[in-house]
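Q: First, the structure itself, so that you have it in front of you.
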Amino acid sequence: MTARLREQIEEALFPPVVALLVALICGDLLIMSYGQSPANVYRLLLEGTWGNAYGFGQVLYKATTLTFTGLAVSLGIRAGLFNVGAESQLAAGGFLAALTGLALSPAIPGVIAVPLCMIAAALGGGIVGAVPAFLRVRFGAHEVIVTIMLNFVVLALLNWIIANHLHVPETLHTPEIHAGAIPRLDRFIPAFHGSAANLTILIALLTAAAIWFLLFRTRRGYELRAVGLQPDAAEYGGVGVGGVWFRALTLSGAVAGLGGINYVLGYKHYYEDGFAGGSGFLGIAVALVGRNHPLGVVLAALFFATLSQGGLAIHAFVPKQMVEVLQGVVIIAVAMSVPEVRRALRQARRPASA
Amino acid sequence: MNPFSFLTQMLRIAIPYLFAASGGVIAERAGIISLALEGFMLTGAFTATLGAFYSGSPWIGVLCGILGGLLFGMIHAVATIRYRADQVVVGIAINLLAVGVTRFFLKLAFASSSNSPRINGFPARLSAHGFDNPLLWMGLLVAPVLAFVLYRTRFGLRVRAVGEHPDAAESVGIPVAWVRYVAVALSGMLAGLGGVYLALDQHQFTDQMTAGRGFIAVAAVIFGRWDPIRAALACLLFAAAETLQIQLQGNHLLASQFVEMIPYVLTIVALAGVVGRAIPPAALGKTEH
């Protein structure tokens, strides 16, 4: 292993490890405030997630959506843009996928219907991502604020469409779609019976691989990373920064939108108001903890999915809201330790190289 | 439509925005991105409920609410100033943390996952002396006071200096980090007061009772171009739109969803610079100064 690679790995791994330790300590305190034994509760949390097939299936299902939103956020950060809009992009993607599924005849075979719905999902998220991209490139409007504000606008708009025009009476979801279902995993592995895990997980992994290839093996990806590190230098080197930003944020939105198929095509087969349920915001945490690397994002998605499923497993002893506290603690701890670790490693390196 | 009832309802809606937006203005003028207003408000509402419930006095509730906002403000400040963590990330994390912490302790303190028991608030009725609710007066005064502090005092000058040119500020001996700590602490306390008003006005804490009001305050800060008075006017404008929607509810002129969008759409338009470009403080969000 070269020294450079080792440094990169250390810089990537230390912050999440520190954060995990801090979260464990906070978790201990919360559990003890409830008069329970931390060891016992953590054991239950692991048993309820990785210890049985149903729990593990739920972890995989939740990790699938988080992989998409985490990849979306990390793609933006690689280009130097912060996409806080994954929540509404995810919802818009799921919505257009459901609309497409509703419009298609049930006679159309899955091999055609599913890709069509996937394109619609990516389109939905892509459109929501293109708006802040355009405003940033054309007017210099800060994408953080625009994506936050757009979340509210898009979610309110979708809520209005569903509540007034598209819902099944007494519910806030669309009628069930009959074209473009993605099979659940229990069809191949019976032990997963009852869990929402479905083949969308393969699409998530393929998307992660494709983004890795784009970022690290293509010219466009090189330009994107160059713009993210030093936009002025990249511009000087002949890269069209505006174009890169527009494509990066639009693609980021499309990836988040594609995540909508996990719920709509793989699980419920309808669009329901509010199905995103914070997965878009958690995507920021996933990207951060996964250090904006596709492999890291997949692992971080598994971690956050384990936490949220684990909350249900421990609920009889400690309120499941404990995991929401821990999620916040992990994010803040990673965000705090990233610059600190970078500085410490740089300092440690200096005497050796001088 | 009765103009008097319109005005009182608008004020009730506007007060939490006025507190939180003032908090946002002071933090952002000091160069710290303020996306955690929602979390500060929620924490303030919860700790105010705890204080008012266990003491029976709304004034103790106010004090506890300010302290709750201060506590979360200090988490934000330590993470972003001492550890130079990304301000956007920390802001969003604080919002998540506030939801989790208030839910967890709601369960621990009141064994409920939805709401607290009833607490004593201030009288909200109109009396011979005008409004009896002291928070209402404070809410109306906070923006003019902040404007005075920002533009007419030495501390305000320092806040604006560290938000625009931290290097220059440091070179003339202004303790940049310290000024920012104070600004973010004030921001937490002010936004916390917005939450206090909500909890005392509704006589209880309910899960996620701030319901996005912190982000409307963020919108008001930007739409008001980081100026305390203009941000306050933006709060009143947004509150007026909401009041109009509530009072016209029977008429079905405009769906509530579209009224909800108004602050956000206006803010996006303001950022894009269609009508007078909104330009943030120069050092906003820069971790290395």
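Q: Does the range B:34-61 hold any residues that are among the β-branched types (Val, Ile, Thr) and either crowded, with 24+ Cβ neighbours inside 10 Å or in contact with a Ser or Thr (Cβ under 8 Å, 6 or more places away or on another chain) (or both), and which are they?
A: Those that are among the β-branched types (Val, Ile, Thr) and either crowded, with 24+ Cβ neighbours inside 10 Å or in contact with a Ser or Thr (Cβ under 8 Å, 6 or more places away or on another chain) (or both): B:Thr43, B:Thr47, B:Thr49.
Q: Next question. Looking at A:Gly94, A:Gly76, can you tell me which residue is more than 14 Å from chain B (Cβ to nearest Cβ) and in a helix (DSSP H, G or I)?
A: Working: A:Gly76 fails: more than 14 Å from chain B (Cβ to nearest Cβ).
Answer to the check: A:Gly94.
Q: For the range A:106-157, which residues satisfy the criterion of being β-branched (Val, Ile, Thr), more than 9 Å from chain B (Cβ to nearest Cβ) and free of Cβ contacts under 8 Å to residues at least 60 places away in the same chain?
A: Once the filter is applied, which keeps residues that are β-branched (Val, Ile, Thr), more than 9 Å from chain B (Cβ to nearest Cβ) and free of Cβ contacts under 8 Å to residues at least 60 places away in the same chain, the range A:106-157 yields A:Val111, A:Ile112, A:Ile119.
Q: Six or more apart or on different chains, Cβ under 7 Å: which pairs go from a residue in the range B:1-24 that's at negative phi to one that's charged (D, E, K, R)? Could you list them?
A: Final answer for the pair search is B:Arg12/B:Asp201; B:Ile13/B:Glu242; B:Pro16/B:Arg213; B:Tyr17/B:Arg213; B:Ala20/B:Arg213.
Q: Could you please give the count of residues in the range A:140-180 that are of a type in the set (D, E, K, R) and within 20 Å of A:Gly101 (Cβ to Cβ)?
A: 1
Q: Looking only at the range B:23-32, decide whether some residue is within 23 Å of A:Val22 (Cβ to Cβ), of a type outside the set (Asp, Glu) and buried (at least 24 other Cβ atoms within 10 Å of the Cβ).
A: Yes, there is a match, as at least one residue in the range B:23-32 is within 23 Å of A:Val22 (Cβ to Cβ), of a type outside the set (Asp, Glu) and buried (at least 24 other Cβ atoms within 10 Å of the Cβ).
Q: Something else: Scanning the range B:78-105 for residues that are within 16 Å of A:Ser33 (Cβ to Cβ) and more than 8 Å from chain A (Cβ to nearest Cβ), which turns out modelled with the highest pLDDT?
A: The qualifying residue modelled with the highest pLDDT is B:Thr102.
Q: Could you go through the range A:187-194 and let me know if any residue there is on the phi > 0 side of the Ramachandran plot and assigned to a loop (DSSP other than H, G, I, E, B). Break it down stepwise before answering.
A: So the first thing to find is which residues in the range A:187-194 are on the phi > 0 side of the Ramachandran plot, and the list is A:194.
Okay, now just the ones that are also assigned to a loop (DSSP other than H, G, I, E, B), so A:194.
So far as the range A:187-194 goes, yes, one or more of its residues are on the phi > 0 side of the Ramachandran plot and assigned to a loop (DSSP other than H, G, I, E, B).
Q: Out of everything in the range A:159-176 that is closer than 13 Å to A:Glu272 by Cβ and part of a helix (DSSP H, G or I), what residue ends up being nearest to the other protein chains (Cβ to nearest Cβ)?
A: Selected residue: A:Asn159.
Q: Look through the range B:198-233, keep the residues that are in a helix (DSSP H, G or I) and basic (Lys, Arg), and return whichever of them is surrounded by the fewest Cβ atoms within 10 Å (Cβ to Cβ). Can you show your working first?
A: Keep residues of the range B:198-233 that are in a helix (DSSP H, G or I), which gives B:198-202, B:213-223, B:228-233.
With the extra rule that they be basic (Lys, Arg), the set shrinks to B:213, B:230.
Values: B:Arg213: 23, B:Arg230: 18.
The residue in question is B:Arg230.
Q: For B:Val78, which of the numbered conditions (1) assigned to a helix (DSSP H, G or I); (2) on the phi > 0 side of the Ramachandran plot fails to hold?
A: Only one criterion in (1) assigned to a helix (DSSP H, G or I); (2) on the phi > 0 side of the Ramachandran plot is unmet by B:Val78, namely (2).
Q: Sort out which residues of the range A:330-346 are among the β-branched types (Val, Ile, Thr) and either under 10 Å from B:Tyr83 (Cα atoms) or within 8 Å of chain B (Cβ to nearest Cβ) (or both), and write them in order of number.
A: If the condition is that a residue be among the β-branched types (Val, Ile, Thr) and either under 10 Å from B:Tyr83 (Cα atoms) or within 8 Å of chain B (Cβ to nearest Cβ) (or both), then A:Ile331, A:Ile332, A:Val338 are the ones that fit.
Q: In the set A:Gly311, A:Gly280, which member is under 12 Å from the mean Cα position of the chain (by Cα), within 12 Å of chain B (Cβ to nearest Cβ) and either closer than 30 Å to A:Pro169 by Cα or surrounded by fewer than 24 Cβ atoms within 10 Å (Cβ to Cβ) (or both)?
A: A:Gly280
Q: How many residues are farther than 21 Å from A:Leu302 by Cβ, away from chain B (no Cβ under 14 Å) and either in contact with a Ser or Thr (Cβ under 9 Å, 6 or more places away or on another chain) or in a helix (DSSP H, G or I) (or both) if we restrict to the range A:29-47?
A: Count: 3.
Q: Follow-up. Could you figure out which of (1) small (Gly, Ala, Ser); (2) assigned to a helix (DSSP H, G or I); (3) out of contact with any Asp or Glu (no Cβ under 8 Å at 6 or more places or on another chain) isn't true of A:Ala156?
A: Unmet for A:Ala156, out of (1) small (Gly, Ala, Ser); (2) assigned to a helix (DSSP H, G or I); (3) out of contact with any Asp or Glu (no Cβ under 8 Å at 6 or more places or on another chain): (3).
Q: A further question follows. In the range B:208-236, which residues are within 12 Å of chain A (Cβ to nearest Cβ) and more than 22 Å from B:Gly69 (Cα to Cα)?
A: The answer is B:Phe223, and nothing else.
Q: Here is a check on your reading of the model: is A:Ala103 surrounded by fewer than 24 Cβ atoms within 10 Å (Cβ to Cβ), away from chain B (no Cβ under 14 Å) and more than 22 Å from A:Leu199 (Cα to Cα)?
A: yes
Q: Considering (1) within 14 Å of another protein chain (Cβ to nearest Cβ); (2) part of a helix (DSSP H, G or I); (3) touching a residue at least 40 places away in the same chain (Cβ under 8 Å), say which one B:Ser113 fails and leave the rest.
A: Tallying (1) within 14 Å of another protein chain (Cβ to nearest Cβ); (2) part of a helix (DSSP H, G or I); (3) touching a residue at least 40 places away in the same chain (Cβ under 8 Å), B:Ser113 fails exactly one: (2).
Q: Just checking, how many residues over the range A:161-196 are small (Gly, Ala, Ser) and over 28 Å from A:Ser105 (Cβ atoms)?
A: Count: 3.
Q: Now for a different question. Go through the range A:317-328 and report how many residues are among the aliphatic types (A, V, I, L, M) and more than 7 Å from chain B (Cβ to nearest Cβ). Step through it out loud before you land on a result.
A: Just the residues of the range A:317-328 that are among the aliphatic types (A, V, I, L, M), to begin with: A:318, A:322-323, A:325-326.
Then drop every residue that is not more than 7 Å from chain B (Cβ to nearest Cβ), which leaves A:318, A:323, A:326.
Residues flagged as among the aliphatic types (A, V, I, L, M) and more than 7 Å from chain B (Cβ to nearest Cβ) within the range A:317-328 amount to 3.
Q: Now a separate question. With the condition kept exactly as written, say whether any residue in the range B:184-197 is within 30 Å of B:Ile119 (Cα to Cα), in a helix (DSSP H, G or I), within 14 Å of another protein chain (Cβ to nearest Cβ) and not hydrophobic (A, V, I, L, M, F, W, C).
A: Scanning the range B:184-197, I find no residue that is within 30 Å of B:Ile119 (Cα to Cα), in a helix (DSSP H, G or I), within 14 Å of another protein chain (Cβ to nearest Cβ) and not hydrophobic (A, V, I, L, M, F, W, C), so the answer is no.
Q: Identify the single condition in (1) modelled with pLDDT of 90 or more; (2) surrounded by 14 or more Cβ atoms within 10 Å (Cβ to Cβ) that A:Leu21 does not satisfy, given that it satisfies every other one.
A: (2)
Q: Within 14 Å of another protein chain (Cβ to nearest Cβ) and outside any helix (DSSP H, G or I), is that true of A:Phe275?
A: no
Q: Let me ask something else. Which one of these is within 30 Å of B:Val265 (Cβ to Cβ) and either surrounded by fewer than 18 Cβ atoms within 10 Å (Cβ to Cβ) or touching a Lys or Arg at 6+ places or on another chain (Cβ under 9 Å) (or both): A:Phe213, A:Phe246, A:Phe188, A:Phe192? So that I can check it myself, show each step before the final result.
A: On the way: A:Phe213 fails: within 30 Å of B:Val265 (Cβ to Cβ); A:Phe188 fails: within 30 Å of B:Val265 (Cβ to Cβ); A:Phe192 fails: within 30 Å of B:Val265 (Cβ to Cβ).
Residue meeting the stated conditions: A:Phe246.
The values are calculated or read from the model by the stated rules, or taken from the named source; none is laboratory data. The shown structure was predicted, so the numbers you read here are calculated from the model rather than taken from an experiment. In this analysis, Cβ positions are derived from the backbone assuming ideal geometry, glycine residues included, and neighbour counts consider all displayed protein chains.
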